[in-house]
Amino acid sequence: MIRFDQVTVRFPGDKNKAPFTAVDNVSLQVERGDFFGVLGQSGAGKSTLVRTVNLLQPVTSGRVFVGETEVSERLSASELSALRLRIGMIFQHFNLIGNASVFDNVAFNLKAKGVDAQTIKQKVPELLDSVGLLGKEKVFPQSLSGGQKQRVAIARALANDPEILLCDEATSALDPDTTSEIIALLQRLKQERNLTVLFITHQMEVAKKLFNKVALMANGKVVENTTTYELFARPQSEFGRALIRKHDAALLPAELLASESNLYEITYKEEHAYESVIAAVIKHFDADISILGGRVEYIGGKPLGNLIISIRNAKAPREQILEYLQSRTQVTLIKDETTSPLNLAQAQWHVLGLDDDTNTADASTSTSASGSGNAGTGSGVSTSAADRAETTNTATSGEQ
């Protein structure tokens, strides 16, 4: 549906700015029906990439395709107009016309297409009803909340019944509750309208809830290209692992990190979702294990669980306990007697069982990673019912 073939976007710079490569040799394929996300920090090149789809930003080299149409400056005005009618777009700051009513904002694209007044009069209320704003036709943007403004922008983007919806940080200016509402709205509209969605964001929670596939960008390059579940369960690049570490840092308060030693993160994946691993370790090894933080979530319908544990005392050697845990889960060393990180995000986590060269890959030189690889020797997911109950009773920190 959308294909990026070795796309590079380079800005030449001037006397005040050096030349800058915003997008660096990116190749991606977005299939029809995907809810495809491009995830990365500010300045990664995400927005520049998505703007090449409708030629808001020409490429320096490489090719972009929408279906069989190559998106380039060689398109005639009529061909470009026809292409853009197939694509709706929503933005971080809504881009509404301040001195136009909600009705006229939604009708803008219809008028630009040359739709007759009677059809516009009928269609605009239908669009507003689909986004939960029926009755707001005469209201002006300054009287709307941020969430309502984004709903107007979504209705406007869908006015010409596009096949593709581009979302450039569409939830970044919203509070968490409103973000959840917009996520639910986009999920429903995608299903109802059979849309293909390309969504740009830096928000990890949005990525987990919306995308079936995701590309992770850093410094203009795609460093991972995989399913959303695989990114969170088995990140392949050093940048990806660092991003997940930062995300998981909310599981453990800094005070506990400072006071505890022998800290490990246990990651449960789908193959062992219902095993009581921690309970089994305590029973078999007569071990004193404290659960200090935890989270269970479903990504793409698959369970993924994380526990932060401290192995305090055990009759069996610690190596035996870790070997047992590794056979059922992915085990990551956070801190032992030889380390003293300032906080969880700064901890140099080591995934037990991984080769050293895998653990030290440099994101700046990484190429697109396949989602088929397994980043760890262990494979569990989500905690079992017994461990979830234990986490509920003892965890000191919940989901971010």
- prompt: So what is log10(I(q)/I(0)) for the stretch 197-292 at q = 0.17, 0.19 1/Å, when the Debye sum runs over its Cα atoms only?
  reply: -0.92, -1.04
- request: Give the residues of the stretch 216-258 whose amide nitrogen is closer than 20 Å to a point set 7 Å from the Cα of A18 in the direction of its Cβ.
  value: 218-221
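In the stretch 120-189, which trypsin sites (Lys or Arg not before Pro) fall in coil by DSSP and have 13 or fewer other Cβ atoms within 10 Å?
Numbers: sites: K121, K123, K136, K138, K149, R151, R156, R188; in loops: K136, K138.
Those that pass, being in a loop and sparsely packed, are K138.
So, with a 1.4 angstrom probe, what is the percent of accessible area on the stretch 184-231 that is carbon and sulfur? Numbers along the way, then the final one.
Values: 710 of 1570 Å².
Answer for the stretch 184-231: carbon and sulfur cover 45 percent of the accessible area.
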message: 5 Å is the cut-off here: which amide hydrogens, built 1.01 Å from N in the peptide plane, fall below it relative to V223, excluding neighbours closer than 5 in sequence?
response: L216, M217, A218
field: Restricting the stretch 233-337 to GluC sites (Glu not before Pro) in coil, as DSSP defines it, with at most 13 other Cβ within 10 Å
entry: E271, E337
task: Determine ³J(HN,Hα), in whole Hz, for all residues of the stretch 177-186 in sequence, where each value follows from phi through the Karplus function 6.51 cos²θ - 1.76 cosθ + 1.60 and θ = phi - 60°; x replaces Gly and Pro.
output: 5, 5, 4, 4, 5, 5, 4, 4, 5, 5
task: Calculate the length of the line joining the C-alpha centroid of the stretch 60-107 to that of the stretch 243-322, in whole Å.
output: 47
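What do you get for trypsin sites (Lys or Arg not before Pro) in the stretch 3-112 restricted to DSSP loop and a cutoff of at most 14 other Cβ within 10 Å of the site's Cβ? Don't jump to the answer; show the numbers that get you there.
Working: sites: R3, R10, K15, K17, R32, K46, R51, R63, R74, R84, R86, K111; in loops: K15, K17, R32, R74, R86.
Those that pass, being in a loop and sparsely packed, are K15, K17, R32, R74.
The values are calculated or read from the model by the stated rules, or taken from the named source; none is laboratory data. All values derive from a computational prediction rather than experimental measurement. No Cβ is skipped: glycine too gets one built from the backbone with ideal geometry, and neighbour counts run over all protein chains shown. For accessibility, only protein heavy atoms count, side chains too; no ligands or nucleic acids. Shrake-Rupley method; radii C 1.70, N 1.55, O 1.52, S 1.80 Å.
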